[in-house]
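Engineer: Please read through the structure below; I'll follow up with questions.
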Amino acid sequence: MPFLVRKILKDESIEHIENIKDADFLHQSADVPTTEFRTKHSALSTYIIDNLNELDKAVLAIATTSSKLSSMEFIVLDTEILRAIGLKYEQTHPGMEIPYEEMQNFHYDIVDVNIENLAKCLEAYKKTMEIDANKSIYIVDYAEGKIKDLVKAAIRNGKFNLEKVPAELNKAISKLQKELKEIPSGTL
């Protein structure tokens with residue numbers, strides 16, 4: 001069963017969603033939908049993976065299209081949950097050519113996001129948290145060092161197109177390249 005991976009924008013959003021006691025998602029505070037579910041063209045950006053073993057790939061795609069390489073938190077949404085509550089998703093272009101080219105065609109958007117579907121997104125997050133009470137499977141933290149190690153491994157394995165690095169990441173990626181040249185082969 002496939003999963004959609006999305007960066008969590010604010011820890012406070014997750015705390016708020018955890019504290020929802022009833023299933024009335026339409027009448028919750030607007031704070032979460034207006035911060036966590038920022039849409040563009042009524043869509044929420046994600047990357048699709050076939051199984052949890054592919055999570056690093058989605059994280060690398062998301063991290064290397066961000067404004068900086070830093071610690072990040074992700075939610076892994078089971079597509080069965082999305083289908084069950086009536087959210088649709090479809091393959092889309094990520095809006096840019098991504099450096100981790102292997103994932104270019106794995107960009108999917110949750111589509112047709114309107115006010116009602118924002119409540120369904122809140123429900124999808126809540127259901128995901130309920131099946132991951134320890135926040136270790138579907139709510140996942142990646143430390144900055146782990147993300148940088150993923151980038152280094154992709155560069156070393158020739159799976160990273162340096163020409164497609166966003167301008168704001170050029171300095172950070174160049175630093176990682178330099179570190180790679182200083183590390184003996186086979187140790188990363």
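The values are calculated or read from the model by the stated rules, or taken from the named source; none is laboratory data. Note that this is a predicted model, so its numbers are computed, not measured. Every residue, glycine as well, gets a Cβ built from its backbone with ideal geometry; the counts of neighbours run over all protein chains shown. To get the accessible areas, we keep the full protein, side chains included, count just its heavy atoms, and leave off ligands, DNA and RNA. Shrake-Rupley method; radii C 1.70, N 1.55, O 1.52, S 1.80 Å.
Engineer: Contour minus end-to-end for Ile115 and Arg156, with contour as 0.36 nm per residue of separation and end-to-end as the Cα-Cα distance? Please report the intermediate quantities before stating the final value.
Structural biologist: Details: separation 41, 0.36 × 41 = 14.76 nm, distance 4.41 nm.
Stretched out fully, the Ile115 to Arg156 stretch lengthens by 10.3 nm.
Engineer: Which value, in Å² and to the nearest 10, is the accessible area of Val111 when all protein chains are kept and the probe is 1.4 Å?
Structural biologist: Surface accessible to solvent at Val111 totals approximately 20 Å².
Engineer: Let me ask something additional. Would you mind calculating the gained length between His41 and Met1 on full extension (0.36 nm times residue separation, minus the Cα-Cα distance), in nm to one decimal? Spell out each step's value before the answer.
Structural biologist: Values: separation 40, 0.36 × 40 = 14.40 nm, distance 2.70 nm.
Answer, rounded to one decimal: 11.7 nm.
Engineer: At 1.4 Å probe radius, can you tell me the per residue accessible area of the chain in Å²? Intermediate values should be presented prior to the final figure.
Structural biologist: Numbers: 10010 Å² over 188 residues.
Here the residues of the chain average 53 Å² of exposed surface.
Engineer: Follow-up question, since we're still on this one. Per residue of the range 117-122, what does 6.51 cos²θ - 1.76 cosθ + 1.60 with θ = phi - 60° give for ³J(HN,Hα)? Whole Hz please, x for Gly and Pro, Karplus curve as stated.
Structural biologist: 6, 4, 5, 5, 5, 4
Engineer: Working with all protein chains in place, sort Tyr89, Tyr47 by solvent-accessible area computed with a 1.4 Å probe, largest first. If you can, show how the numbers build up before the last one.
Structural biologist: Working: Tyr89 50, Tyr47 10 Å².
Per-residue accessible area, sorted high to low, gives Tyr89, Tyr47.
Engineer: Still on this structure, I have one more. Could you work out how far apart the two model spin labels at Ala167 and Asn51 are, taking each label as a point 7 Å from the Cα in the direction of the beta carbon, and quote it in nm?
Structural biologist: Each label point lies 7 Å from its Cα, and together they span 4.2 nm.
Engineer: Please list 3J(HN,Hα) in residue order for the range 76-81, calculated via the Karplus relation 6.51 cos²θ - 1.76 cosθ + 1.60 where θ = phi - 60°; whole Hz, with x for glycine and proline.
Structural biologist: Per residue, the Karplus-derived 3J(HN,Hα) values read 10, 9, 5, 5, 5, 5 Hz.
Engineer: Reachable lysines from Lys127, Cα under 28 Å, same-chain residues fewer than 8 places away excluded?
Structural biologist: Lys7, Lys10, Lys21, Lys40, Lys57, Lys88, Lys135, Lys146
Engineer: What distance in nm lies between label points placed 7 Å from Cα along the C-beta direction at Leu9 and Ser136?
Structural biologist: Distance between the two pseudo-spin positions: 3.0 nm.
Engineer: On the full set of protein chains, 1.4 Å probe, figure out the accessible area of Arg156 and give it in Å² to the nearest 10.
Structural biologist: The accessible area comes out at roughly 80 Å².
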